[in-house]
Amino acid sequence: MRVALFITCVNDTLFPGTGRAVVTLLRRLGVDVEFPQAQTCCGQMHVNTGYPAEGVRLASHFTEIFAEYDAVVTPSGSCTAMIREQYPRLAVTAGAAAKQPGLREAVGEVVPKVYDLSEFLVDVLEVTDVGAYFPHRVTYHPTCHSLRGLHLGDRPRRLLEQVRGLELVPLPGAEECCGFGGTFAVKNRDISAAMCADKVGNVMKTGAEVLCAADNSCLMHIGGTLSRQKSGVRVMHLAEILAATEGGAR
Amino acid sequence: MSQTFVGMPSFPKNAAKAVQDSQLRFNLRKATHTIRGKRAAVVGELPDWAELRQAGKAIKDHTLRHLDEYLLQLEAAVSAAGGTVHWAKDAAEANRIVAGLVKATGEREVVKVKSMATQEIGLNEALEAEGIKAYETDLAELIVQLGDDWPSHILVPAIHRNRAEIREIFLAHMPDAPPDLTDEPRALAEAARLHLRERFLRAKVAISGANFMIAESGTLVVLESEGNGRMCLTLPETLISVVGIEKLLPTWRDLEVFLQLLPRSSTGERMNPYTSMWTGSVEGQDFHLVLLDNGRTDVLADEIGRQALRCIRCSACLNVCPVYERAGGHAYGSVYPGPIGAILTPQLRGMDTELDRSLPFASSLCGACYEVCPVAIDIPSVLVDLRAKARHPRTERAGMAAAGWVFNRSARLARAQRFGGRMRRLVPKRLPGPLSGWTDTRDLPDIPKDSFRAWWNRTEGGTR
Ligand code: SF4
């Protein structure tokens, strides 16, 4: 099985540690993951802000690069949801039909092979115990696209529960949006900040040391607020916790 | 739609003000979370909810596809039952028709059943201009009307008011309110009841909307919780119903689905308390039906946007929306607030104003609305589609074009990352311009020296 990593532009540029963690974790589980160099961005920001023509171009770019692989693993719930939910819709728009006539077939081929990290672990590799060690009190924010777009359900929880030393505490109001929403955070800054303040309040109630999620965009938003408030709570991507081992644990 | 919202600023500006109002935040949070919980409980107890929801969606889609035929069938059935059907292409025409019908009776007063369609066309104001006084009889609408205020929720128009505020409004604007009125819900309801009772007995003309119209029988259906609607529908000698053309259902049997979906989604009740149904004119009452287009056929022409016409105005999407909960209904500048308003208003009114252009962006696309919608309207998808149709600010267009250029070639992205890595120490803690929206309340993440791809290349995927 040839497995490719789609790192996403945000992780590639701002959170390389998450990418390194995915590589470490997959290698430990016997997967020789590849990194196709030509990859860039899934197009989520463009499409969700109202620039679908860019989205069509990036979707076409994506399907070309990943066509040859059996599975594509992505450490981002919202990018996976973008690919799974929006690519098929983009592919049938008039703009796509005119400029990228083959996109529909390409999307039909590639999209079913794209997995969020926890889907790949639980559904494809069929593991929940990945041999991780992380002796900390952790709470998990499911993020909207992982929860309502991908229906990840209890996969992340099952993975975290198997991590040795980890104490998982439930997050009140977990299913509520943190207020990130891409350009929403800037366009509707006041509402976004108010939503995040409530999310942060709930995180603080748990007494957790670490807030975990499967999407660094949301974590950048919540983490940025936690840091501004000098809360002492740090944020970590699910991959980074699952990659941690005794000796290597932070 | 109603003219009252003309000239309102954009959603972000309205919302920024509303979010500072701690009383409003408290009222809204309490009310929406209570209804949210009730809905979740009664929906959860139906094992076939998903099937019901699919059935609701399918029936509505079928009806919309054959709307022309079903509307004619409805017209024939209502006429055969002694009612008169009027067609109104826009708000002005509908208002003219209704005013003419009221004047023909010689009356100067009408009582009203809670109705979104008549709010949408600004009927009360139009009648007022013709010297006709319209009295709202739904308790919450009465509070809004007495307070010279706007509704801020589809189902609970006075959701932004608490008991103490309602007491103030009654004392100030309801001449027959007892001077020792308390803010006990029972006392407030009793005062309103006495006030309205007298209105019902005096009224000769009533105006309503309808939740559903049945094409095969010509029956109209109104669901309400107070019984005040039923008083209006039965007592007066003339009944005028203004109904959007999308409220049709083909057959009586279709109600089976919707009488389950609607109460559970809107009030969180298993069964609706007062369900009134009538067909044409009955002895002692003349019936007029005004069928309202007002932009709906244009919405119907849009492949993605047309699903908004499935809406049964249950408000479930408002009650789960984190943006609505913090911004309140008035920020949307329309009688249709919340997620459904964000997709319906720009379609009905167009996107010519700053406010209407900002509505499709009034969402973090969290998807909570889609999840609860009883007719499965994919609100996030319609929002994204409307965003593509909206005119974008010039600086944003330039930024998006630049980002697109970078993303088109991985070499450009790598170069941009290297540049960012070198400049990382120079990034200010507070960003300028529109991006200050980020750094006002959040710290920026540290920009790493190496991007992931730089690390991968340097270490051959971590093997060196
Ligand atoms: S869009 Fe759906 S959830 Fe919202 S009011 Fe309409 S029917 Fe109810």
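The values are calculated or read from the model by the stated rules, or taken from the named source; none is laboratory data. All of these numbers come straight from a predicted model, not from anything done at the bench. In this analysis, Cβ positions are derived from the backbone assuming ideal geometry, glycine residues included, and neighbour counts consider all displayed protein chains. Accessible surface is based on the protein model in full, side chains and every heavy atom, while ligands, DNA and RNA are left aside. Shrake-Rupley method; radii C 1.70, N 1.55, O 1.52, S 1.80 Å.
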DSSP-defined antiparallel bridges as percent of all bridges, chain B, nearest 5: 30
Expected 222 nm ellipticity per residue - DSSP helices of 4 or more, -39500 (n - 2.57), all of chain B, to 500: -15000 deg cm²/dmol
Cβ-defined net charge surrounding B:G147, 12 Å radius [Lys, Arg +1; Asp, Glu -1]: -4
Approximate spin-label separation B:L426-B:V282, in nm, with each point projected 7 Å along Cα-to-Cβ: 7.9
Average partner coverage of B:403-411, which counts Cβ from other chains inside 10 Å: 6
Length-normalised contact order for chain B - Cα pairs under 8 Å, 6+ apart - percent: 21
Hits among lysines - C-alpha to C-alpha of B:K89 under 20 Å, sequence gap 8 or more where chains match: B:K247
Cβ charges +1 (Lys, Arg) and -1 (Asp, Glu), total dipole of the range A:119-250, debye: 560
Computed magnitude of the charge dipole of the range A:1-156 (debye, nearest 20; Cβ of K, R +1, Cβ of D, E -1): 360
Of B:L233, B:P250, B:A398, farthest towards positive along the dipole that unit charges on Lys, Arg, Asp, Glu beta carbons give the protein assembly as shown: B:A398
Between the range B:194-261 and the range B:71-129, the Cα center-to-center distance that results, in Å: 13
Those GluC sites (Glu not before Pro) in the range A:113-171 that DSSP places in a loop and that have at most 13 other beta carbons within 10 Å: A:E126
Rounded to the nearest 20 debye, dipole of the protein assembly as shown from Cβ charges on Lys, Arg, Asp, Glu: 2900
Cα-based shape type of the range A:62-196, given that a ≥ b ≥ c are square roots of the gyration tensor eigenvalues and the cut on a/c is 1.5: oblate
Sparse-neighbour loop sites [trypsin sites (Lys or Arg not before Pro); the range B:47-152; at most 16 other C-beta within 10 Å; DSSP]: B:K89, B:R108
Spatially proximal aspartates and glutamates relative to A:K99 (Cα-Cα < 20 Å; intrachain offsets below 8 disregarded): A:E54, A:E64, A:E109, B:D385
Net charge, B:N95 excluded, C-beta distance under 13 Å - Lys, Arg +1, Asp, Glu -1: -3
Fraction in percent of alpha-carbon pairs per bin - 10 Å, chain B: 4, 18, 27, 24, 13, 7, 5, 2, 0, 0
Shielding by other protein chains, A:142-150, mean Cβ within 10 Å: 3
Theoretical ellipticity at 222 nm over chain A - DSSP helices of four or more residues, -39500 (n - 2.57) apiece, nearest 500: -12500 deg cm²/dmol
Cysteines without a disulfide-compatible partner [chain B; Cβ-Cβ under 4.7 Å]: B:C232, B:C311, B:C314, B:C321, B:C373
Of the DSSP H helices in chain B, those whose Cα atoms cover at least 30 Å axially and whose Kyte score averages -1.0 or more: B:22-44
Mean separation of Cα contacts under 8 Å, 6 or more apart, over the residue count of the range B:368-464: relative contact order %: 19
Fraction of accessible area attributable to carbon and sulfur, chain B (%, probe 1.4 Å): 54
FRET efficiency, B:R186 to B:A76 (Cβ-Cβ, R0 30 Å, nearest 0.05): 0.05
Charge sum, other residues only, whose C-beta stays under 14 Å from B:W455's C-beta, Lys/Arg counted +1 and Asp/Glu -1: +3
In nm, spacing of pseudo-spin labels at A:D32 and B:K30 (7 Å Cα→C-beta vector): 6.5
Centre separation in Å (Cα based) which lies between the range B:334-383 and the range A:47-124: 25
Heavy-atom accessible surface that A and B bury in contact, both chains counted, 1.4 Å, Å² to 100: 5300
